[in-house]
Structures are given as structure tokens and as C-alpha cells.
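Inspection log for the structure reproduced underneath, given as C-alpha cells.
The values are calculated or read from the model by the stated rules, or taken from the named source; none is laboratory data. Keep in mind it's a predicted model, so treat the numbers as computed, not measured. Here the Cβ is made from the backbone with ideal geometry for all residues, glycine too, and neighbour counts use every protein chain on show. SASA here: full protein model, heavy atoms, side chains in, ligands and nucleic acids out. Shrake-Rupley method; radii C 1.70, N 1.55, O 1.52, S 1.80 Å.
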Amino acid sequence: MSVTPIRLYGDPVLRTPAAPVVDFDKELRTLVKDLTDTMMHAPGAGLAAPQLGVGLRVFTYYIDGELGHLVNPDLDLSAEQQVDDEGCLSIPDFAWPTPRALRTVAKGFDMYGEPLTIEGSHLMARCIQHETDHLDGILFIDRLDKEQRKLALKEIRAAEWAGLPGPIVRDSPHANPTFEG
């Protein structure tokens, strides 16, 4: 098992857009394994590479017994919306009602470079959107309305873990000119 420390709110890597994966190699498969092991250990519904300090566009998910991953996702969102509590492993112990599209179709690749499409609604759609936001440097609290976000940030600042130094950034084995570890 390769469980890796999860970056917490305030770590700049969480606000840095991730670079597309260009090499579908052994290092990518190791990253997917690290993401999966860490997500399952946490436990969580999803985990994106930036949450482990790796600035690449890949995430894993575990929803309703379905375990998977997606590389370089591109989303098509429904116009119909849902609002439900949402949390994040990088903002532990908190959840707030967050608006999301009810359904999504996510196209990308598996860790071997084969095309992959994931369709989901409700929790699966929420997870896919949440993890793809991580790849764009967006956190779910950015989706809250102004008043709710202000209250959320106040609660986060008061959290026991707030302001703690995060783990040391590990360098990705992939060429990644836009990510500085």
C-alpha cells in the first residue's frame, strides 16, 4: 500500500491548475495506485493528483462500490442542478451545501492511454465535478454563495489543522513545466 499525505487547504498546489498528462507510462500507473490507496485509506469518494502534490490532470474515485480513475478529463454538464452537502479530504471534517450539475459525461483516458467515458448523476456527477475542479485549481468552497463561503472560511480558519505545515512537495517523475514543486 502506498498511502501518501494529503495536502490541506492553504497549500498553493491546490490552487495551481494541473498540466495534462502526456506520458502514459509506469510512473502514471504508480501515481494512480498512490491516489487509489490514499483515497481508500482516508477514506474518500475521490482524490485528485494535486491533493498529493502532483500537478497532473488525473483523479481517482470510489462511488457506490465503483472504483476508477480518469486522466485528462473533459466534462459535459447537464443544465439541471443539484445542491447537496459536499466535503473534501483537503478540507477535513467540513461539508457545506454545494451546487453542482445533476448529471455529467466525463471523457478522458485510462492510465494506459485508452479512451474512457464515465457517465454519472447525483453523487457520481458531484464527485467527477469536484475532482475535475481540483485539476483546475478550484476548491468546492469556491462554488458556495458569497455568504456561505464567508462562513465556511471562518470555520476553516478556526479548524485544529488550519495553518499546519503540509507535507513536503514531492517531484512528479513526469515532465511538467507548469508545476513547481
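Numerical summary
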{"quantity": "Counted residues, the stretch 2-31 - those being β-branched (Val, Ile, Thr) and touching an Asp or Glu at 6+ places or on another chain (Cβ under 7 Å)", "calculated": "2"}
{"quantity": "Test: residue in the stretch 66-75 that is aliphatic (A, V, I, L, M), surrounded by fewer than 18 Cβ atoms within 10 Å (Cβ to Cβ) and in contact with a strand residue (DSSP E or B) (Cβ under 7 Å, 6 or more places away or on another chain)", "calculated": "yes"}
{"quantity": "Residue among Leu14, Leu75 that is closer than 30 Å to Leu151 by Cβ and in a helix (DSSP H, G or I)", "calculated": "Leu14"}
{"quantity": "Hits in the stretch 19-65 (condition: assigned to a loop (DSSP other than H, G, I, E, B), open to solvent by less than 10 Å² (accessible area, probe 1.4 Å) and under 16 Å from Cys88 (Cβ atoms))", "calculated": "Gly53"}
{"quantity": "Residue pairs meeting the criteria (Cβ under 8 Å; at least 6 apart or on separate chains; first free of Cβ contacts under 8 Å to residues at least 60 places away in the same chain and farther than 19 Å from Asp142 by Cβ, in the stretch 88-111; second of a type in the set (Lys, Arg) and surrounded by fewer than 22 Cβ atoms within 10 Å (Cβ to Cβ))", "calculated": "none"}
